[in-house]
Amino acid sequence: MHLRRRLLSATVLAGALAAALPAFAEDDAGTVAEVLVTARRDDRTSKGATGLDLSLSETPQAVTIVDRQFMDSFGLDEVNQVLSLVTGVNVEAVETDRTYYNARGFDIKSMQVDGVGLPFTWNVVGALDTAGYEKVEVVRGANGLLTGTGNPSGTINYVRKRPTNDRRADAELTVGSWGRVRGEADVSGPFTASGLWAGRLVAAVEDKGSHLDLYGSDRTFVYGVVEGQVGDNAILTAGYARQDNKADGVLWGALPMQYADGTQTRYDPSTTTSIDWTEWDTLSNTAFVELVYALPRDWEAKAIVTYNDFDERSVLFYTYGNPDAGTGLGLFGWPANYEQNSNRLLFDASLAGPLEAFGRGHQAMLGVSLSDMQSGYLSYPAPAADPAWGALPAFPGWTGEEIAEPVWGAPHQEANWTYRMNRVFGVLHLDLADSLKAIVGFNAIDVKAEGDSFGESMASEEDAVSPYVGVTWTFAPGLSLYASYSDIFEPQGESDADFRPLGAAQGDSYEAGLKGQWLGGRLYAAATVFKARQDNYAEYAGATPEGISYYRGVDTRSKGFEIEVAGEVVPGLKVSGGYTQLGIEGPGGEEVRTFIPRKTVVLSAVWEPQALPKLELGGNLKWQDDIHLENWLGDIRQDSYATLNLMAAWQVTDRVKATVRVNNVTDEAYLASLYWDQAFYAPTRNIQASLRYSF
């Protein structure tokens, strides 16, 4: 059945379910009973992998939650900082302003905000501020029910801050290394004594330099949200967020990692191939409206409309080639000037609630999601005879003034394309027995792309129906076993060497594990094994003389295990973290994607000594084993390394808290990524101090 018919059928079914229930709950006397829903502001929880209200133990996948308190303690003001401390997640900072994420051997291409899938996020350009989020959830493994695709890596869900039922306000000032200054404010509370309507306003302003020569950035973030009760049964929420990020002295590409003879280069961590006129600016405006309607018998109807407009302006300088080990000569320049605009419109609606069958209570959810994205690129070419295209001076030792900015030509349209994704999804949480639960679901998806991008046709159309099933068995108090299966259907926009679309990557993903709660429920721990098969996975295969990239589809296998803990081991001492080990093989059993570490450890701890209740101490430790990347010149390696971050806070008064943080305490020098055969060094040791005032 074509997806449009499936969409119509699902809409009719949802309407039938809603029509079968009365518009208002009635008490025994037949009068309308008021259903107050304002308490939802304090009780909001993400519905995880299924769209249902499930605890961590009931969710048949590995889940990590980073809450607001953790982010505040360690000064995690950017999403990259948060995700770097999540078990099993690797942050690939390939350039100063472009980042990829991966888990379980594959790139994370599924993002959510408040449980609504964003199907167009392959990488992150600019630094995403965390000031507007209450928590960040990472569900590892294939999640076709979440975003409409079944990539076996995982899904990141950003949970927005919402208005609170009590009045509260915080302001914080942070100063740190490389001239960093950040101010942040968060004000929330009801508008009236009844508390039916409330609002929240969050703002952050930041200006900072970097350990890299020339590089600096400033960022402004504003987020406002209003939430209120409409009638007796509905909550209406409307919000707007704006982030303006400006960066100068940026890296497009990075440092050459090999000399012309194939030996690996070594540089000071501050070294850059940037030029002082480069910049990479992004502006994101997002508006959303959400309506939640409380139906009788604990059913709930929910609809969200989200619109995002994203502008990207970049004036860049790419350095390529391999320098001579003795002279430093052998590098060449590639200037570029781009302007991109993309806008996304997303509609998500669902109906969820309990069902009674065979003498037991179950949960059901049915939803529809419609997504549309339009994107275009303009380029301003540099004249062919401009010196920026030519051979460059000996490297390193540049000051950023070696090449003058070209006189850019008239704009030329490089890309103009649209991407649409429509899907119907449904899930049942079955209470088979007191100790045995099951989740069964499906995701029917239809994707269509039109237009072209940098000379490559984007035209494609595909549809598929993917199943999902999971089982949890509580075999002892606080202990449960689980297993899950998910189909993989991942649309891909890449083209092969003949510029034909590769089509979707397809396969399957399996996961099983043990979850438990110890120490009276204070400590949560989980052990997981996983295995995934993904065929026709897009892998970079080369570029034409004009610089147009092409790809090949490869069959890839991933397997491994994870161990994770979170909770309070003794009064006052909270820990979180885990260990991941994986293997990634190609069709012939050979190791592939070797830039991904096979073993990683993440451990965080916060201690509030009972003898000194005003003191808070904490630390993060992250270790990964060695990685490497092989190209035609040879092997590029990054040895295993560990980084340590420490923090100490003192509650000066009831309202004032002072915090000092030291990141990369041991001043470890390591490459931020080997995703490509160019890389740059991660931040060296740095210090920041914060003063927070609570009203």
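Every read-out reported here was derived from the displayed coordinates using simple, explicitly stated rules and does not represent laboratory data. Remember, predicted model here, so these are calculated numbers, not experimental data. Cβ atoms come from the backbone with ideal geometry, glycine included; neighbour counts cover every protein chain shown.
Relative contact order (percent) for the chain, with alpha-carbon contacts under 8 angstrom and 6 or more residues of separation? Present the calculation step by step, with values, prior to reporting the outcome.
Numbers: 1971 pairs, mean separation 79.1, N = 695.
This gives 11 percent for the chain.
Can you pick out the pairs among 109/559; 161/657; 135/599; 515/574 whose Cα atoms lie more than 24 Å from each other?
On the way: 109/559 19 Å; 161/657 22 Å; 135/599 26 Å; 515/574 18 Å.
Correct reply: 135/599.
Within the stretch 315-353, find all residues whose amide N lies under 20 Å from a label point positioned 7 Å from the Cα of residue 633 along Cα-to-beta-carbon.
In the stretch 315-353, the label zone of residue 633 (backbone N under 20 Å from the point 7 Å along Cα→Cβ) covers 317-335.
In deg cm²/dmol and to the nearest 500, what is the mean residue ellipticity at 222 nm of the chain if only DSSP H runs of at least 4 residues count, each as -39500 (n - 2.57), divided by the residue total?
Working: 5 runs with 37 residues, N = 695.
When only DSSP H runs of four or more count, the value is -1500 deg cm²/dmol.
Spin-label point model (7 Å from Cα, Cβ direction): what's the residue 56 to residue 483 distance in nm?
So the label points at residue 56 and residue 483 sit 2.4 nm apart.
Expressed in nm to one decimal, what extension gain is obtained for the pair residue 261 and residue 207 from 0.36 nm per residue of sequence separation less their Cα-Cα distance?
Fully extending the segment from residue 261 to residue 207 adds 15.4 nm.
Convex hull over the Cα atoms of the stretch 603-655, averaged projected area in nm²? Spell out each step's value before the answer.
Numbers: hull surface 22.5 nm².
Result: 5.6 nm².
Output needed: percent of Cα pairs per 10 Å distance bin for the stretch 155-288, bins running from 0 to the one holding the longest distance.
Pair shares across the bins are 11, 26, 25, 18, 11, 6, 2, 0.
Leaving out same-chain residues fewer than 8 places away, which lysines sit with a Cα under 20 Å from that of residue 246?
The reachable lysines, counting only those whose Cα sits under 20 Å from residue 246, are 208.
Give me the number: length gained by fully extending residue 218 to residue 522, i.e. 0.36 nm times residue separation minus the C-alpha to C-alpha distance, one decimal in nm. Present the calculation step by step, with values, prior to reporting the outcome.
On the way: separation 304, 0.36 × 304 = 109.44 nm, distance 4.04 nm.
Length gained between residue 218 and residue 522: 105.4 nm.
Going by how many other beta carbons lie within 10 Å of each one, how would you line up 219, 593, 168, fewest first?
Details: 219 23, 593 20, 168 13.
Starting with the residue having the fewest Cβ neighbours, the order is 168, 593, 219.
Any aspartates and glutamates with Cα under 15 Å of the residue 531 Cα? List them, leaving off those in the same chain fewer than 8 positions away.
487, 508, 511, 555, 562, 585
Looking at 235, 640, 203, which one has the Cα that reaches farthest to the positive end of the dipole of the chain (charges on Cβ: Lys, Arg +1; Asp, Glu -1)?
With unit charges placed on the Cβ atoms, the residue in question is 235.
What is the magnitude of the charge dipole of the chain about its Cα centre, with +1 placed on the Cβ of each Lys and Arg, -1 on the Cβ of each Asp and Glu, and no other charges, expressed in debye to the nearest 20?
Values: 55 positive and 91 negative charges, 391 e Å.
Using Cβ point charges on Lys, Arg, Asp and Glu, the chain gives about 1880 debye.
Hey, how many Å between the Cα centroid of the stretch 638-693 and the Cα centroid of the stretch 353-385?
Here the two parts' Cα centres lie 35 Å apart.
Hey, rough spin-label estimate for residue 687 and residue 555, points 7 angstrom out along Cα→Cβ, what's it come to in nanometres?
5.7
If R0 is 35 Å, what FRET efficiency do you get for residue 324 and residue 181 from their C-beta distance, rounded to 0.05? The partial results should precede the final answer.
On the way: r = 42 Å, r/R0 = 1.19.
Efficiency, from the Cβ-Cβ distance: 0.25.
For the pair residue 694/residue 514, report the inter-label distance in nm, with labels modelled 7 Å from Cα in the Cβ direction.
Placing both labels 7 Å along Cα→Cβ, they lie 3.9 nm apart.
Between helix 3-19 and the chain, what is the angle of the helix's C-alpha long axis to the longest principal axis, kept within 0 to 90° and rounded to the nearest 10?
30
What FRET efficiency, computed as 1/(1 + (r/R0)^6) with R0 = 56 Å and r the Cβ-Cβ distance, is obtained for residue 465 and residue 625, rounded to the nearest 0.05? Could the numbers behind the result be given before it?
Numbers: r = 39 Å, r/R0 = 0.70.
The formula returns an efficiency of 0.90 here.
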